[in-house]
Amino acid sequence: MLAGVLTVVASTCNRATIIVTASVATALSRGWLIIPAGLALGSSVAYSFLRRSYRRISAVIGAVAIQVLLRLPSVGFHGLTALVAGAAFAFVAASSYRHLTLRWRRIMSRSAIGLATAAVIVTLPLLAGALLARHAASRGVSLAQQALTAVEGGDAASATTQLDSAMSALRAAHSRTGEWWTAGALLVPGAAQQRRAIAGATGAASALTSVASREARGLDYHGLSYDHGQVNMAALAAMGGPIAALNSQLLRAQADLAHSGSEWLVSPVATRFRHFSTEVQKVERNASLGQLAVQDAPGLLGAAGPRQYFVAFMTPSETRGLDGFVGIYALMTADQGRLTLGHASTILTLDNALGSHPPLVTGVPEYLARYGAFHPESHFQDVTYSPDFPTVERVIAQMYQNTTGRPIDGVFALDGDAVAALLHFTGPLNVKGLPFPLTADNAGDVLLRQQYTLFPNKVQPSRDAFLADAVDAAFSRLNAGSLPGPKELGAVLGPEVRQGRLLLWTGHPADWPLLQRAGLAGGFPKRGRSSDLLAVTMANAGNNKIDAYLREHVDDQVTYNPASGHVSGSVTIQFENTAPSSGLPDYVIGINSGAPYPRGTNDMWLSVYSPFILTDSSVNGTPVGFSPGIKEDGVTAYSAFLAIPAGGTSTLRLNFDGSLRRGSSYGMTLRMQPLAVAPTADVRVSTSSGSSGTAWSTDESAGEVQSRSWRFSS
């Protein structure tokens, strides 16, 4: 309607006005719009050479220019093109007004007043409906959120009642904002966007709660609990239909909200609309993960036949690139949802079975190129050199089958902190040789530090027996008892999964989507063409347990040029070795590799991963050489040996130089190795022109792999 009115107005403009309007449209147009804008400009210039004006020609050229102005893409700050287009329309109207007779000026003025009055009249029902719907919409959303909490807690009956009430409230809200009597607002620019957003949100919420209410009784998360070593496979299968229906409706709600949204929403509407959209996205992510779990978990649990998993207990007191070295292992069998853990044993039993001629490891060329010099194929405890868990799983699967003749389906890996988390469900354990109960509060420290003083080196078999007994006792208690529902389970184990302390990967590709979505995969992060990556790993080179006393902080200062894509980074890594030089067994602070360092020295093999070129490096101000970069997991790994004295600190500085795909967006992925003491990091990104992005800091609650992006002006 607006375009039609402006076309009529343009027919009475002078030719100079048409040229100016077409010029503005051409200057701001992008992509295919340049073609009609250019035609309008060329035609208006040619038209200016005619002896007299023709209303039809003015109308046609003006109509093309106006259509371009109505479709201008966003340029500069939000609303700039709308302001320019509005100014152009006002200019056209003013020119036309000057050329009208007095009679037509009166008609035009009265028409404008009439249109404004009509706009107010058709907008008032929407305003009244929004005010009337506000309470019902707020109540409906609140009840829906309470129902979701009830579903996660296993109270399906209560959730159904709340969803029924939420559905009624949201239907009432939608009827007050989305019915025919508010449709007149769609004819008014500005009001139309508010009406679409309000009606779209209340309609999507009403439809969503309707489906959720119908399916809530089937979403029995409480029925998924683990009892006496058995997962209820029937309850798992029964959830398939309801959760698929809910997820489908959530996807439709997301699509409806995306269609209803606008950058022109007024602040109260925009705030509530964004909040509701965010909540829908959050619930959809959880529901889609639940749907994936219902589909794929039965395979992991042995529904199609028994599965056997290698369980590796890692110890970050002696680091490896993934986490720590493997000290104890066991085999777990999953059959029709029943989990059985065999007796835990020292990893040395597998080392002894390897013999003097260990079998060849194949199919992992990058792994062998990076770690072959350490001969991990001869030592099961060293297979975790790689920070990529799927690679580690492949190596373990090959070595175990070649050593024992028996295949495995996958690998669980967990460290002392993850074991401590499991003790939240078992309660305190009495373990032979330990003078006090092993609990969720003390297990982390016992397994990382105290075991080496309670069972010193001269009685190593006793220490191995203690660790095996602790693992056996924990899993025996788990098999005899039960685990809570997914919500509480996730609250306790989620941090361990996010930090890479509890991992699962299998040789079955059908399992991979679920394991990746659940965060269990432990894969080294992948980077895009417009994304940076920084990872720091270390592996103990002293053959001791001194890494329980290591602290690490990473500081990354990046300068990025959006116009060229050039990146320069200055990475500072500070290590603090809090280990003493005496008072602990040699097994902990002695140098057992033969290197000429005093007791208490932390001797590490450090690796820094980056997609860029390392230009220079130093330790405590003294230049230090890193090995030539080796490609691993899509980036370059630079490595060097570093020795930190007892009670000392070392500051490592590295400068990198490279480029990304140019543009206003800069992304960073940070991979922090799980250590006995969780590392911390700070990242700041600035542009070459001096503008700075928000600083990004991680702390002890941070996950192992994190991503962040910044946007700058090109």
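The values are calculated or read from the model by the stated rules, or taken from the named source; none is laboratory data. Everything numeric here is computed off the predicted structure, so don't read it as measured data. Cβ: placed from backbone, ideal geometry, glycine included. Neighbour counts: every protein chain shown. SASA here: full protein model, heavy atoms, side chains in, ligands and nucleic acids out. Shrake-Rupley method; radii C 1.70, N 1.55, O 1.52, S 1.80 Å.
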Report summary line: Partner lysines whose C-alpha sits under 22 Å from that of residue 545, ignoring same-chain residues fewer than 8 away, are 458
Report task. Would you mind checking which residues have amide H under 5 Å from residue 533's amide H? H placed 1.01 Å from N; only 5 or more apart, or other chain. Result -> 669
Report task. Using only the alpha-carbon atoms of segment 337-488, report the extent along each of the three principal axes, biggest first, to the nearest angstrom. Result -> 44, 42, 27
**Report entry** Under 5 Å, built H, 5+ apart or other chain: amide partners of residue 648
**Finding:** 577
Query raised in the report: So what's the projected area for segment 406-453, the Cα convex hull averaged over all directions, in nm²?
Result: 4.8
Report task. Report the relative contact order of segment 351-457, percent, no decimals, based on alpha-carbon pairs under 8 angstrom and at least 6 residues apart. Result -> 18
Report task. At 1.4 Å probe size, with every protein chain present, just tell me what the per residue accessible area of segment 448-590 comes to in Å². Result -> 38
Requested in this report: Take the solvent-accessible surface of the protein heavy atoms, probe 1.4 Å, and return the percent of it on segment 582-642 that carbon and sulfur atoms account for.
Outcome: 59
Requested in this report: Treating cross-link reach as a plain straight distance, find the lysines whose alpha-carbon is under 30 Å from the alpha-carbon of residue 526, omitting any fewer than eight places away in the same chain.
Outcome: 282, 487, 631
**Report entry** Separation between Cα centres of segment 25-67 and segment 336-371, rounded to whole Å
**Finding:** 75
Query raised in the report: Under the classification rounded if a/c is under 1.5, otherwise prolate if a/b is larger than b/c and oblate if not, where does segment 510-558 fall, given a ≥ b ≥ c as square roots of the Cα gyration tensor eigenvalues?
Result: oblate
Report summary line: Per residue convex hull volume, Cα only, segment 275-363, in Å³ is 201
**Report entry** Nearest-10 value in Å² for the accessible area of residue 469, using the 1.4 Å probe
**Finding:** 60
Query raised in the report: Given H placed on each backbone N at 1.01 Å, which residues far from residue 232 in sequence or on other chains put an amide H within less than 5 Å of it?
Result: 227
Report task. With the Cα gyration tensor of segment 491-614 in hand, convert its eigenvalues to equivalent ellipsoid semi-axes via √(5λ) and list them largest first in whole Å. Result -> 33, 25, 13
Query raised in the report: Share of segment 229-370's accessible area from carbon and sulfur, percent, 1.4 Å?
Result: 59
Query raised in the report: In what sequence, highest mean first, do 585-596, 409-420 appear when ranked by Cβ atoms within 10 angstrom?
Result: 409-420, 585-596
Requested in this report: Would you mind putting 476-489, 601-614 in packing order, based on average other-beta-carbon counts within 10 Å, highest first?
Outcome: 601-614, 476-489
Query raised in the report: Which values of log₁₀ I(q)/I(0), to two decimal places, follow from the Debye formula for segment 430-556 at q = 0.11 Å⁻¹ with a uniform point scatterer at every Cα?
Result: -0.61
Report summary line: Phi-derived 3J(HN,Hα) across segment 568-577 with the Karplus relation (6.51, -1.76, 1.60, θ = phi - 60°), rounded Hz, x for Gly and Pro, is 10, x, 10, 9, 10, 10, 10, 10, 10, 9
